[in-house]
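In what follows, a single structure is set out as structure tokens and then discussed.
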Number of protein chains: 2
Amino acid sequence: MRATVIHAPGDIRVENLPEPKILAPTDAIIRTVAACVCGSDLWDYRGINEVARPTPIGHEYVGVVEETCAEVKDIKPGQFVIGSFFASDNTCPICRAGYQTSCPHKEFVGGCQAEYIRIPLADGTLVALDGQPDEKFVPSLLTLSDVMGTGWYAAVAAEVKPGSTVVVVGDGAVGLSGVIAARELGAERVIAMSRHVSRQRLASEFGATDVVAERGEAGVALVKELTGGIGADSVLECVGTQESMRQAVRATRPGGNVGFVGVPHDVAIDGQELFFSHVGLRGGPAPVRHFLPDLIDRVLDGRIEPGKVFDLTLPLDEAAEGYRAMDERRAIKTLLRP
Amino acid sequence: MRATVIHAPGDIRVENLPEPKILAPTDAIIRTVAACVCGSDLWDYRGINEVARPTPIGHEYVGVVEETCAEVKDIKPGQFVIGSFFASDNTCPICRAGYQTSCPHKEFVGGCQAEYIRIPLADGTLVALDGQPDEKFVPSLLTLSDVMGTGWYAAVAAEVKPGSTVVVVGDGAVGLSGVIAARELGAERVIAMSRHVSRQRLASEFGATDVVAERGEAGVALVKELTGGIGADSVLECVGTQESMRQAVRATRPGGNVGFVGVPHDVAIDGQELFFSHVGLRGGPAPVRHFLPDLIDRVLDGRIEPGKVFDLTLPLDEAAEGYRAMDERRAIKTLLRP
């Protein structure tokens, strides 16, 4: 089968690999309908994460079930499915508490920019649609496997409520999905921090009421000005740097909350500053499995259209160009069709 | 009047100072009925905080109102009152959100180990009882001005709910009050981390179901063992060191919460560890004003008796011995009678 492999920073190739095989009785194999390139794939591409050996890449997917093994009871061949980038049993106390990405049986689902994917713990990981979706919904459904689910978790972790004032730090696909999430959860005001015109436009289309282009202390000062001097109720941190985290905490009102979903790179939080800020903090890899059923309904009902974050669609064989375009910020997010 | 003054680390003296005067139209003057020594007073006493000049000390108090100024409407001379260690207006959006200790008009109420105290923003800061309380309630009412209110905030910040499993890190008066708070908020299981027999005994009396004497990784391992391998729903961090904070985060289950009320001294929280822990974090100086009406009711109804944390009562003139006893861990907390 055709599959995307990263050989070294900047070196993405689409190659012929053996099709995945069932390895455990709880496995399923799916035929990929669509996959995509994640901002976190760019860490490898940019050499921020080490690439020790050629590695199949990609962790976002929708597809049709080809085959299931003996212990898979709920998922059936022929179903259109969406799953999380982390497999989970979905039955343990941590999964039942809604934190499937901390499931003790979790397993990363990698190598998804490929024609076929092996899904561990298929019953716990995948959610099947009733029937096949209209083609127009595929991009939005694909976002639920990571980026829209992650924006949603950021908003939930930041405790966005009806009437909230929300700030979104980061204008990548996750931040833009966070704008959608904040509005869906009832935020009255959503301030998107973005300095790129195309992303500002999409943020507004997704429901942002204000855009702040400034960063750091200047950005915080503007947020304060927009919020009666006190800061926002909820801040979604969708970047993962020391500066973005500091900006997020400082833009939050005392008693407000930061949901942080940008994987922290060399971030240390000063205990005393956090203490005196009275800001609540929760982050982590988004338990998208927890949100999938609800988010699928919102997509199929036409309430949300997160698939708009894909401003470049390419055949799988042109994956390398998809990475380049995102790396050079010519594209927000690239959808790949096997 | 007689008042306690710290001159240098280890040097506590009770001296004659002028009585406090009204300085602003929102001030009141109260005659102190009881005051006490806080664990945080020991930072000055032990030289951890600098003592630059002789300074009146103490920030916990109950008393009877002597005098109020023109703009004080609700508080009247003769009332028995309890107030927070931070004055607040109690009307701004931050106070209304329940974070009075972040009120933009907040002012520290110091020098309370004295016969009289000036209370700024009296209407926002003080809560008056109906009539004079029975003498037996005075110690418990006194704890509401900081230590019990702080333990309560720790439990609220850690989102203790009916049925929760709770860990309390720290067996000082705040941690012990946290045990009371956890039980009152419905915790089913309260694990007190304590290695001092007298404090273990009081923790059990306050409702702790388990005691863990181990600290650090050994303590975390024992908590995991007691919680089906996953950690507690809520952890109250009542110390404020790097080790106690790490211990708190690691003892919490994914999706659980740490409420931290020990003022952090040289604490840095690793962003990546917090991210992958899925633990929520909220701390700060407790907005005890927010909890006072409810906690007063619980004391006067006899539901809680946090005054038991006072295992030493001295006349104000013997304040120096009260500090020594706490410093040497001969006493948990010292009550002072002017």
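Of the residues making up region B:41-58, those that are buried (at least 22 other Cβ atoms within 10 Å of the Cβ) and not in a helix (DSSP H, G or I) number 2. Within region B:42-54, one or more residues are more than 21 Å from the chain's Cα centre (by Cα) and touching a residue at least 40 places away in the same chain (Cβ under 8 Å). Taking A:Gly262 as meeting all but one of (1) more than 30 Å from A:Lys106 (Cα to Cα); (2) touching a Cys at 6+ places or on another chain (Cβ under 9 Å); (3) buried (at least 23 other Cβ atoms within 10 Å of the Cβ); (4) not charged (D, E, K, R), write down the number of the exception. A:Gly262 satisfies every listed condition except (1).
In this structure, A:Gly131 does not satisfy being in contact with a strand residue (DSSP E or B) (Cβ under 8 Å, 6 or more places away or on another chain) and in a helix (DSSP H, G or I).
Residues in region B:187-203 that are in contact with a strand residue (DSSP E or B) (Cβ under 7 Å, 6 or more places away or on another chain) and farther than 18 Å from B:Phe310 by Cα: B:Ala187, B:Glu188, B:Arg189, B:Val190, B:Ile191, B:Ala192, B:Met193.
Within the bounds of region B:269-281, is there any residue that is more than 7 Å from chain A (Cβ to nearest Cβ) and part of a strand (DSSP E or B)? No, because not a single residue in region B:269-281 is more than 7 Å from chain A (Cβ to nearest Cβ) and part of a strand (DSSP E or B).
Any residue in region B:310-326 that is surrounded by fewer than 22 Cβ atoms within 10 Å (Cβ to Cβ), farther than 27 Å from B:Ser164 by Cα and among the small types (Gly, Ala, Ser)? Scanning region B:310-326 turns up at least one residue that is surrounded by fewer than 22 Cβ atoms within 10 Å (Cβ to Cβ), farther than 27 Å from B:Ser164 by Cα and among the small types (Gly, Ala, Ser).
Scanning region A:208-247 for residues that are in a helix (DSSP H, G or I), without any contact (Cβ under 8 Å) to a residue 60 or more places away in the chain and closer than 17 Å to A:Arg195 by Cα yields A:Gly216, A:Glu217, A:Ala218, A:Gly219, A:Val220, A:Ala221, A:Leu222, A:Val223, A:Glu243. Scanning region B:176-201 for residues that are in contact (Cβ under 8 Å) with a residue 60 or more places away in the chain and either buried (at least 22 other Cβ atoms within 10 Å of the Cβ) or not in a helix (DSSP H, G or I) (or both) returns B:Leu176, B:Ser177, B:Gly178, B:Ile180, B:His196, B:Arg199.
Is it true that A:Thr125 is of a type in the set (Val, Ile, Thr), in contact with a helix residue (DSSP H, G or I) (Cβ under 8 Å, 6 or more places away or on another chain) and closer than 16 Å to B:Pro254 by Cα? Walk me through how you get there before you give the answer.
Details: of a type in the set (Val, Ile, Thr): yes; in contact with a helix residue (DSSP H, G or I) (Cβ under 8 Å, 6 or more places away or on another chain): yes; closer than 16 Å to B:Pro254 by Cα: no.
No.
Which count do you get for residues in region A:282-299 that are in a helix (DSSP H, G or I) and more than 17 Å from A:Gly83 (Cβ to Cβ)? Full working, then the answer.
Narrowing region A:282-299 to residues in a helix (DSSP H, G or I): A:288-299.
Keeping just the survivors that are more than 17 Å from A:Gly83 (Cβ to Cβ) gives A:298.
Counting residues in region A:282-299 that are in a helix (DSSP H, G or I) and more than 17 Å from A:Gly83 (Cβ to Cβ) gives 1.
Among B:Ser194, B:Ser204, B:Ser198, which is the only one that is touching a helix residue (DSSP H, G or I) at 6+ places or on another chain (Cβ under 7 Å), of a type in the set (Ser, Thr, Tyr) and either over 23 Å from A:Val279 (Cβ atoms) or not assigned by TED's automatic domain parsing to the domain that holds B:Arg183 (or both)? Even if it seems obvious, please write down each step before you answer.
Values: B:Ser204 fails: touching a helix residue (DSSP H, G or I) at 6+ places or on another chain (Cβ under 7 Å); B:Ser198 fails: touching a helix residue (DSSP H, G or I) at 6+ places or on another chain (Cβ under 7 Å).
Result: B:Ser194 is the single residue among B:Ser194, B:Ser204, B:Ser198 that is touching a helix residue (DSSP H, G or I) at 6+ places or on another chain (Cβ under 7 Å), of a type in the set (Ser, Thr, Tyr) and either over 23 Å from A:Val279 (Cβ atoms) or not assigned by TED's automatic domain parsing to the domain that holds B:Arg183 (or both).
Residues of region B:84-111 that are of a type in the set (S, T, N, Q) and surrounded by fewer than 19 Cβ atoms within 10 Å (Cβ to Cβ): B:Thr91 alone. Scanning region B:60-80 for residues that are surrounded by 24 or more Cβ atoms within 10 Å (Cβ to Cβ) and either part of a loop (DSSP other than H, G, I, E, B) or under 18 Å from the mean Cα position of the chain (by Cα) (or both) returns B:Glu60, B:Tyr61, B:Val62, B:Gly63.
Pairing each residue of region A:85-103 that is under 15 Å from A:Thr26 (Cα atoms) and within 12 Å of another protein chain (Cβ to nearest Cβ) with any residue that is of a type in the set (Lys, Arg) and part of a helix (DSSP H, G or I), provided the two are 6+ apart or on different chains, yields C-beta distances under 7 Å for A:Ser88/A:Arg289. Evaluating B:Arg303 against the criteria (1) within 12 Å of chain A (Cβ to nearest Cβ); (2) under 29 Å from B:Glu60 (Cβ atoms); (3) in a loop (DSSP other than H, G, I, E, B) leaves one unmet condition, (1).
Under the condition of being of a type outside the set (Ser, Thr, Tyr) and within 22 Å of A:Val64 (Cα to Cα), which residue from region A:81-105 is nearest to the chain's Cα centre (by Cα)?
In this case the residue turns out to be A:Phe85.
Note on region A:21-38: residues that are of a type in the set (A, V, I, L, M), in contact with a helix residue (DSSP H, G or I) (Cβ under 7 Å, 6 or more places away or on another chain) and within 16 Å of A:Ala3 (Cα to Cα) amount to 3.
One residue stands out in region A:306-321 among those that are assigned to a helix (DSSP H, G or I) and touching a strand residue (DSSP E or B) at 6+ places or on another chain (Cβ under 9 Å): the one that is nearest to the other protein chains (Cβ to nearest Cβ), namely A:Val309.
When you look at B:Asp311, is it out of contact with any helix residue (DSSP H, G or I) (no Cβ under 8 Å at 6 or more places or on another chain), over 30 Å from A:Ser102 (Cα atoms) and either at pLDDT 95 or above or among the hydroxyl-bearing types (Ser, Thr, Tyr) (or both), yes or no?
For B:Asp311, the condition - out of contact with any helix residue (DSSP H, G or I) (no Cβ under 8 Å at 6 or more places or on another chain), over 30 Å from A:Ser102 (Cα atoms) and either at pLDDT 95 or above or among the hydroxyl-bearing types (Ser, Thr, Tyr) (or both) - is not met.
Here region B:256-268 is the region considered, the condition is being in a loop (DSSP other than H, G, I, E, B) and facing chain A (nearest Cβ under 7 Å), and the residue that is farthest from A:Glu237 (Cα to Cα) is B:Val263. Residue check: B:Ala114 meets all listed conditions (1) closer than 28 Å to B:Arg13 by Cα; (2) surrounded by fewer than 24 Cβ atoms within 10 Å (Cβ to Cβ); (3) touching a residue at least 24 places away in the same chain (Cβ under 8 Å); (4) more than 16 Å from the chain's Cα centre (by Cα) but one, namely (2).
The values are calculated or read from the model by the stated rules, or taken from the named source; none is laboratory data. Remember, predicted model here, so these are calculated numbers, not experimental data. Backbone-built Cβ (ideal geometry, glycine too); neighbour counts: all protein chains shown.
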